[in-house]
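Each remark here refers to the structure printed beneath this line.
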There are 2 protein chains.
Amino acid sequence: MATLNVDLGERSYPIIVGAGLLGDGALLSPYLAGDEVLVVSNDTVAPLYLDRVTASLKDRHLSCQILPDGEQYKNLETLQTIFDTLLENHCSRDTTLIALGGGVIGDLAGFAAACYQRGITFIQLPTTLLAQVDSAVGGKTAVNHPQGKNMIGAFHQPTCVLSDTQTLATLEPRQLSAGLAEVIKYGLIRDTAFFNWLEVNIEKLLAFDPQALEHVIIESCRHKAQVVARDEKEVGERALLNLGHTFGHAIEAATGYGNWLHGEAVSVGMVMAATLSEKMGRLEKDQCARVRELLIRAGLPVTPPRDISPTDYLTHMALDKKVSAGRIRLVLLDAIGQARLVSDYPDSLLQDVLYEFAG
Amino acid sequence: MATLNVDLGERSYPIIVGAGLLGDGALLSPYLAGDEVLVVSNDTVAPLYLDRVTASLKDRHLSCQILPDGEQYKNLETLQTIFDTLLENHCSRDTTLIALGGGVIGDLAGFAAACYQRGITFIQLPTTLLAQVDSAVGGKTAVNHPQGKNMIGAFHQPTCVLSDTQTLATLEPRQLSAGLAEVIKYGLIRDTAFFNWLEVNIEKLLAFDPQALEHVIIESCRHKAQVVARDEKEVGERALLNLGHTFGHAIEAATGYGNWLHGEAVSVGMVMAATLSEKMGRLEKDQCARVRELLIRAGLPVTPPRDISPTDYLTHMALDKKVSAGRIRLVLLDAIGQARLVSDYPDSLLQDVLYEFAG
């Protein structure tokens, strides 16, 4: 078991990673606000792990809400059902909301916790690699709008994150790969050595090697926690965590949320960002090839669906939260391990990349 | 023109009060985040004042959204329509959302600003006395849930509040009285001299005397700003601002939101709180009578609808945000000018008050 602290002053919280944490009530207990607890999960995760969690909380006044599984349910309508449950159970301001599931459950439950009575206590129990290395850390919560991903949300930090590595054993290979996209991202934006390590150990991760997985979860959380501690509200450095996400969000939106996994879209988005970086003479050609190569070895797609036109990309990208003064800002690579938020890329080169990837 | 500063560190902001401020673009300009502006108003206020505001912003990229007027529209469905407008207009994170209207518009637009892209810039242009002395100050935003008032919301501070006293001239007398309920509340909880002043000057206020109105707006904002600066998230002193609100919210909920004005319900709630305080031997009998008397002179109701039963009160009060560890906490009076949050009132005396007021 390893613990990392996310340093946010009064709102600092621990990320605890290890095998079999889900059943450990004593570990959870100090982070509850009071006796009232609502666990929010989905119909894929609940049959596997909900019993462990409820057993560990059996001395509490406990309610559960099981949502349908899928990104297509990450919307205001589903959020409303969480509020309904909280009010039907007469939940007070001292209620703790626990998210048991992947990124969608964490985002939904976290946003509900941010808004219910203007903010209640929140705990993350992420059960996918993607959630454990990315979405459960950092306090971003949100739902999608039909016209844009994560457009409605809040910054709301959990009181703790417990990542049980045993839950990864039931993950589909496609979900594991999607999580690895974000892991590779940390190497690309700020840690050359970590990227090199991933090139050597990617097969171990795909074989669910527990020690290798624990290592990448801890390293990924360390990177994200450092960035978030320095820039909680994303006014600067935190934007670098969005490498591949502006292209990726456009792919998710254009294909309809839920058809492409977030990590899959980010994988393609990182290849597109690397390609633009190479065209601009920022990133060396062989480094761009290594990015693509590692993503392929991780079981990830590196080309988008051919039916998304350059215009589709630009329309969706114009709605991205990184737009400033009408200009789409992109995270680009100077090298493996070094990223930068760029506004002054030549539009013609962006067009070239979009045409190339649109086939 | 008078200016008050709400001291919240980096998020400090001015409250500017005076006649004819709405048309003053130069006054507004420093508080805008960028060129994109969405003004949210309602179909009562917009025909009267929207033109002045849009004329003062004519060099900006401006959109307007006119909502139906009324507390019954302060819900998630209406909130969604604001998000729809923001996305249809491709509004970026640098958009400024301006609320032009009373408390409902301020709460809706403020909550939309809190959530859109996890928080955009927000300005309040309150046009009712209630909003100018209370809801526009302090950063609380929310929508109602069918099972509870203000149950879903956020703390989101504006970058400025501009209160144009000229807008009060078009206010219905009933709305003016509702605003005076909150003004009287400040005297009751923390300023004996202000309460005494109101006893002398209440008729001037009811006659829309501009100087008397400017005085009570400034004094009320000063009180609220002081309390909010010391306790932004309502962990202590700020709860005193809810004098009369726990009973009042129950009346609003039991009668259906929008039938009773918020200030009217708070007026009755303050009389109920004063009566309980008197029964407990905290508040002297003649002071309790003075509370009731001033509210009557201000044109406010002091008895609730007779068909709300004690059980109705307790059911709605149990959902109040001030419930802690299963116990309804109430703001009670020790004297005119001195309030206290109390959990250890005798249940039998609360029952007595509820039976008395239920007829």
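All told, B:A112 meets the bar of being within 14 Å of chain A (Cβ to nearest Cβ), small (G, A, S) and farther than 18 Å from B:A239 by Cα.
Scanning the stretch A:192-216 for residues that are farther than 25 Å from A:L333 by Cβ and touching a residue at least 60 places away in the same chain (Cβ under 8 Å) yields A:P210, A:L213, A:E214. Evaluated against (1) within 14 Å of chain B (Cβ to nearest Cβ); (2) in contact (Cβ under 8 Å) with a residue 60 or more places away in the chain; (3) part of a strand (DSSP E or B), A:T78 falls short on exactly one condition, (3).
Within the span defined as the stretch A:229-240, every residue fails to be of a type outside the set (S, T, N, Q) and under 14 Å from A:A298 (Cβ atoms). Please enumerate the residues belonging to the stretch A:131-145 that are more than 8 Å from every other protein chain (Cβ to nearest Cβ) and at pLDDT below 95. Listed by number, the residues that qualify are A:D134, A:S135, A:A136, A:V137, A:G138, A:G139, A:N144.
Would you mind stating whether B:E264 is modelled with pLDDT of 95 or more, under 30 Å from B:N75 (Cβ atoms) and of a type in the set (D, E)?
Yes; evaluated as a whole, the condition is true for this residue.
Scanning the stretch B:58-75 for residues that are away from every other protein chain (no Cβ under 14 Å), surrounded by fewer than 20 Cβ atoms within 10 Å (Cβ to Cβ) and among the charged types (D, E, K, R) turns up B:K58, B:D59, B:D69. Would you confirm whether or not the stretch A:218-233 contains a residue that is closer than 19 Å to A:L4 by Cβ and not in a helix (DSSP H, G or I)? Scanning the stretch A:218-233, I find at least one residue that is closer than 19 Å to A:L4 by Cβ and not in a helix (DSSP H, G or I), so the answer is yes.
Looking only at the stretch A:115-125, which residues are outside any loop (DSSP other than H, G, I, E, B) and within 10 Å of chain B (Cβ to nearest Cβ)? Selection gives A:C115, A:Y116. Can you spot a residue in the stretch A:245-255 that is touching a Lys or Arg at 6+ places or on another chain (Cβ under 7 Å) and among the hydroxyl-bearing types (S, T, Y)? So far as the stretch A:245-255 goes, yes, one or more of its residues are touching a Lys or Arg at 6+ places or on another chain (Cβ under 7 Å) and among the hydroxyl-bearing types (S, T, Y).
Considering the stretch A:146-194, and only residues there that are within 14 Å of chain B (Cβ to nearest Cβ) and out of contact with any Lys or Arg (no Cβ under 7 Å at 6 or more places or on another chain), the residue that is surrounded by the fewest Cβ atoms within 10 Å (Cβ to Cβ) turns out to be A:P146. Could you grab me the full set of residues in the stretch B:141-180 that are of a type in the set (D, E, K, R) and either free of Cβ contacts under 8 Å to residues at least 40 places away in the same chain or out of contact with any strand residue (DSSP E or B) (no Cβ under 9 Å at 6 or more places or on another chain) (or both)? Within the stretch B:141-180, B:E172, B:R174 qualify.
Here B:L213, B:L206, B:L198 are screened, and the one residue that is in contact with a Pro (Cβ under 9 Å, 6 or more places away or on another chain) and not assigned by TED's automatic domain parsing to the domain that holds B:L130 is B:L206.
For the stretch B:135-188, filtering for residues that are touching a Phe, Trp or Tyr at 6+ places or on another chain (Cβ under 9 Å) and charged (D, E, K, R) leaves 3.
Quick check on this structure: which one of B:D286, B:D307 is among the charged types (D, E, K, R), in a helix (DSSP H, G or I) and in the same structural domain as B:A193 (by TED's automatic domain parsing)?
B:D286
Hey, can you tell me all the residues within the stretch B:126-151 that are touching a Leu at 6+ places or on another chain (Cβ under 7 Å) and in a helix (DSSP H, G or I)?
Within the stretch B:126-151, just B:L129 meets the criteria.
If the condition is being under 23 Å from the mean Cα position of the chain (by Cα), crowded, with 19+ Cβ neighbours inside 10 Å and not in a strand (DSSP E or B), then the stretch B:29-43 contributes only B:Y31.
Which pairs turn up if I take residues in the stretch B:241-257 that are under 24 Å from B:Y186 (Cβ atoms) and look for partners that are among the hydroxyl-bearing types (S, T, Y) with beta carbon separation below 9 Å, at least 6 apart in sequence or on another chain? Close Cβ pairs (under 9 Å, with a partner that is among the hydroxyl-bearing types (S, T, Y)) amount to B:L241/B:Y186; B:G244/B:S267; B:F247/B:Y313; B:G248/B:S267; B:A250/B:Y313; B:A250/B:T315; B:I251/B:Y313. When B:R329 is tested against the conditions (1) farther than 17 Å from B:L243 by Cβ; (2) within 14 Å of chain A (Cβ to nearest Cβ), the lone failure is (1).
Here is a yes/no grid of residues against (1) over 23 Å from A:G269 (Cβ atoms); (2) in contact with a helix residue (DSSP H, G or I) (Cβ under 6 Å, 6 or more places away or on another chain); (3) among the hydrophobic types (A, V, I, L, M, F, W, C):
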position	(1), (2), (3)
A:E182	no, yes, no
A:A193	yes, no, yes
A:V200	yes, no, yes
A:E203	yes, no, no
A:E214	yes, yes, no
A:K224	no, no, no
A:V227	no, yes, yes
A:E232	yes, no, no
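Within the stretch A:85-102, work out how many residues are within 12 Å of chain B (Cβ to nearest Cβ) and under 26 Å from the mean Cα position of the chain (by Cα).
Residues in the stretch A:85-102 being within 12 Å of chain B (Cβ to nearest Cβ) and under 26 Å from the mean Cα position of the chain (by Cα): 3 in total.
The values are calculated or read from the model by the stated rules, or taken from the named source; none is laboratory data. Given the structure is predicted, the values throughout are model-derived calculations rather than measurements. Ideal geometry is used to build each Cβ from the backbone, glycine not excepted, and the neighbour counts take in all protein chains shown.
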